[in-house]
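K.L.:
One structure follows; several queries about it will come next.
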Amino acid sequence: MCDGAVSEFVDLGDQPTANGFLLPEEVSAEFRFRLAVGACEGCGLVQLVTVVPQEFRYHAGYRYHASGSVSHREHFAADARHFLEAELTGPDPFIVEIGCNDGVMLGTIAAAGVRHLGVEPSGNVADIAREKGIQVLSAFFDEECAVRVHAEHGPADVVFGANTICHIAHIDSVFRGLETLLTPGGVFVFEEPYLATIVNGMAFDQIYDEHVYYFSAASVQAMAAKFGFELVDAERIAMHGGEVRYTIARPGARVPSARLAELLAEEESSKLNEPATLAEFGRNVARIRDDLVALLQQLRADGKTVVGYGAPGKSSTVTTYCGIGTDLVPFVCDSTPGKQGRLLPGSHLPVRPPADFADPYPDYALLFAWNHAEEIMAKEQAFRDGGGKWIRYVPEVEVI
Ligand code: SAM
Ligand code: TMP
């Protein structure tokens, strides 16, 4: 973002791409890279030290389907209703979503008959969105794409991205594109994992190849200013264990919110963006790994069974970093059909359908999809009623 030197503070070892679910015959050719994170000494932006090319990460075999949980469907329907009521109220409004995936947000916009365009490079999920009647351009969003969208559709009142903007290494090009694409009073709204959740909440498994940047309000404010925009709002939201919804506008177009000032002050007082805080996080990650491996080894020694629950990108980071193999966790169950019958990247734990969880219930379930804890635990009440216990490892290793 600013060409400053990047100072590394955590190294999670050689890792695969987190959504690169494998067939058994693909194991020997699995791609690996060193997964390490640092902070820019110039602007403070926290980022991966090595970036995997985007074509390796997003393609017609992309396994993440955004509509996979009730909470996500409800959250994005509420986002869409907010845009319809608060931003898309002028004559013939237009909204662009960067990374619309299977159309979880744009579905509500399309149903309201409002002009929209999803920009989505992963062909399989883009096709699912199209089947829902959503307009989708198969492309990686960048400056050239923004100019093309503007030429074909005119300016956008809202450009939205969720769990996508931190995936885009060429963020400078995104901002140059917005310069063309946004109306003078338009907003760029994006929701991304929050650095404070990761660093203070020990959500180290949010670190994987797709998450190139780990934003804070301070680093987003600096980024917006560098590219001629202004950060005008930052709202904490519960998604993925704790994210922030940032709103960026043209300078002077909107009054910055009080909660933005509060969040910036909180980051300052908690020293979130300071090297000593980040270095301590790195040490704590190694301690959690040691605690989790010790617990799993103890349970194995005691003859207890453990099954993984959920195969999100996060599970690839934690199982690979901790060296968790089938000797400790024989399989993981996940509701996403495209992940079932494949192996978790890196650790190669088999992924099976949720029905296998109850056949028979294990003694312990290692909750990889911890951000969906409420929904999953409610669904699996019979497991707990039968004496089953959940294991969490964020923010600390805990049996509940
Ligand atoms: N927005 C959905 C959500 O929040 O659940 C999907 C998020 S998914 C983790 C990230 C999506 O961004 C993927 O569907 C991916 O194909 C897409 N993506 C990655 N790079 C992109 C780019 N440069 N332009 C547009 N979409 C991109
Ligand atoms: P996410 O944390 O990136 O949303 O991914 C959650 C993963 O957990 C996804 O692969 C779907 C899976 N999952 C289940 O297997 N069962 C469930 O009840 C829920 C909510 C998610």
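The values are calculated or read from the model by the stated rules, or taken from the named source; none is laboratory data. Remember, predicted model here, so these are calculated numbers, not experimental data. When we count neighbours, we look across all protein chains shown, and the Cβ atoms used for this are built from the backbone with ideal geometry, even at glycine. The accessibility values were calculated without ligands, DNA or RNA, using every heavy atom of the protein model including side chains. Shrake-Rupley method; radii C 1.70, N 1.55, O 1.52, S 1.80 Å.
K.L.:
Against the conditions (1) in contact with a strand residue (DSSP E or B) (Cβ under 8 Å, 6 or more places away or on another chain); (2) closer than 25 Å to Thr183 by Cα; (3) of a type outside the set (Gly, Ala, Ser), where does Lys226 fall short? Just the number, please.
P.N.:
That leaves (1) as the condition not met.
K.L.:
Further, regarding this structure: Regarding region 381-396, can at least one residue be identified that is open to solvent by less than 40 Å² (accessible area, probe 1.4 Å) and within 16 Å of ligand 1 (Cβ to nearest atom)? Reasoning before the result, please.
P.N.:
Residues of region 381-396 that are open to solvent by less than 40 Å² (accessible area, probe 1.4 Å), as a first pass: 383, 388, 390-391, 393-394.
Pick out the ones that are also within 16 Å of ligand 1 (Cβ to nearest atom) and you get none.
So far as region 381-396 goes, no, none of its residues is open to solvent by less than 40 Å² (accessible area, probe 1.4 Å) and within 16 Å of ligand 1 (Cβ to nearest atom).
K.L.:
As an exercise: evaluate Ala111 against (1) farther than 24 Å from Gly177 by Cα; (2) in contact with a Lys or Arg (Cβ under 8 Å, 6 or more places away or on another chain); (3) aliphatic (A, V, I, L, M) and give the number of the one condition it does not meet.
P.N.:
The failed condition is (2).
K.L.:
Right, another one. Let me confirm something: among His211, His240, which residue is in contact (Cβ under 8 Å) with a residue 40 or more places away in the chain and assigned to a helix (DSSP H, G or I)? Spell out the reasoning first.
P.N.:
Numbers: His211 fails: assigned to a helix (DSSP H, G or I).
After ruling out the rest, the residue left standing is His240.
K.L.:
Return yes or no: is Lys339 open to solvent by 40 Å² or more (accessible area, probe 1.4 Å) and either among the aromatic types (Phe, Trp, Tyr) or outside the structural domain of Leu12 (by the TED database) (or both)? Full working, then the answer.
P.N.:
Details: open to solvent by 40 Å² or more (accessible area, probe 1.4 Å): no; either among the aromatic types (Phe, Trp, Tyr) or outside the structural domain of Leu12 (by the TED database) (or both): yes.
Answer is no for this residue.
K.L.:
Give, as residue ranges, the helices (runs of 4 or more DSSP H) completely inside region 306-385 that count at least 3 residues that are touching a Gly at 6+ places or on another chain (Cβ under 8 Å) and more than 8 Å from ligand 2 (Cβ to nearest atom). Give the derivation first.
P.N.:
On the way: elements: 313-322, 373-379, 381-385.
Filter on region 306-385 gives 313-322.
K.L.:
Please return the ranges of strands (runs of 3 or more DSSP E) entirely within region 15-98 where 2 or more residues are in contact with a His (Cβ under 8 Å, 6 or more places away or on another chain). I'd like the intermediate steps shown before the answer.
P.N.:
Working: elements: 33-40, 46-48, 94-98.
Qualifying strands (runs of 3 or more DSSP E): 94-98.
K.L.:
Within region 281-292, is there a residue that is touching a Gly at 6+ places or on another chain (Cβ under 7 Å), open to solvent by less than 30 Å² (accessible area, probe 1.4 Å) and assigned by the TED database to the domain that holds His372? Outline the logic, then answer.
P.N.:
Going residue by residue through region 281-292, those that are touching a Gly at 6+ places or on another chain (Cβ under 7 Å) are none.
Looking through region 281-292, none of the residues is touching a Gly at 6+ places or on another chain (Cβ under 7 Å), open to solvent by less than 30 Å² (accessible area, probe 1.4 Å) and assigned by the TED database to the domain that holds His372.
K.L.:
Give me a count of the residues in region 243-265 that are in contact (Cβ under 8 Å) with a residue 40 or more places away in the chain, open to solvent by 30 Å² or more (accessible area, probe 1.4 Å) and not in a strand (DSSP E or B). Outline the logic, then answer.
P.N.:
Here is the first cut: in region 243-265, the residues in contact (Cβ under 8 Å) with a residue 40 or more places away in the chain are 243-250, 253-254, 260, 263-264.
Checking the rest, the ones that are also open to solvent by 30 Å² or more (accessible area, probe 1.4 Å) come to 245, 250, 253-254, 264.
The next check asks that each one be not in a strand (DSSP E or B); those that pass are 250, 253-254, 264.
Total meeting the criteria: 4.
K.L.:
Now, a different point. Cβ contacts < 7 Å: first residue free of Cβ contacts under 8 Å to residues at least 60 places away in the same chain, restricted to region 12-34; second residue assigned to a helix (DSSP H, G or I), any location; separation 6+ or different chain. Result?
P.N.:
Here the result reads Phe31/Phe56, each pair linking region 12-34 to a residue that is assigned to a helix (DSSP H, G or I).
K.L.:
Answer with yes or no whether Glu235 is farther than 28 Å from Thr17 by Cβ, open to solvent by 10 Å² or more (accessible area, probe 1.4 Å), within 16 Å of ligand 1 (Cβ to nearest atom) and out of contact with any Cys (no Cβ under 9 Å at 6 or more places or on another chain).
P.N.:
Values: farther than 28 Å from Thr17 by Cβ: yes; open to solvent by 10 Å² or more (accessible area, probe 1.4 Å): yes; within 16 Å of ligand 1 (Cβ to nearest atom): yes; out of contact with any Cys (no Cβ under 9 Å at 6 or more places or on another chain): yes.
Against the criterion (farther than 28 Å from Thr17 by Cβ, open to solvent by 10 Å² or more (accessible area, probe 1.4 Å), within 16 Å of ligand 1 (Cβ to nearest atom) and out of contact with any Cys (no Cβ under 9 Å at 6 or more places or on another chain)), Glu235 qualifies.
K.L.:
I would also like to ask the following. Considering every residue within region 66-87, establish whether at least one is surrounded by fewer than 20 Cβ atoms within 10 Å (Cβ to Cβ) and of a type in the set (Lys, Arg).
P.N.:
yes
K.L.:
Take Gly323 and decide whether it is within 25 Å of Ala286 (Cα to Cα), modelled with pLDDT of 95 or more and under 20 Å from the mean Cα position of the chain (by Cα).
P.N.:
Values: within 25 Å of Ala286 (Cα to Cα): yes; modelled with pLDDT of 95 or more: yes; under 20 Å from the mean Cα position of the chain (by Cα): no.
So Gly323 does not fit the description; no.
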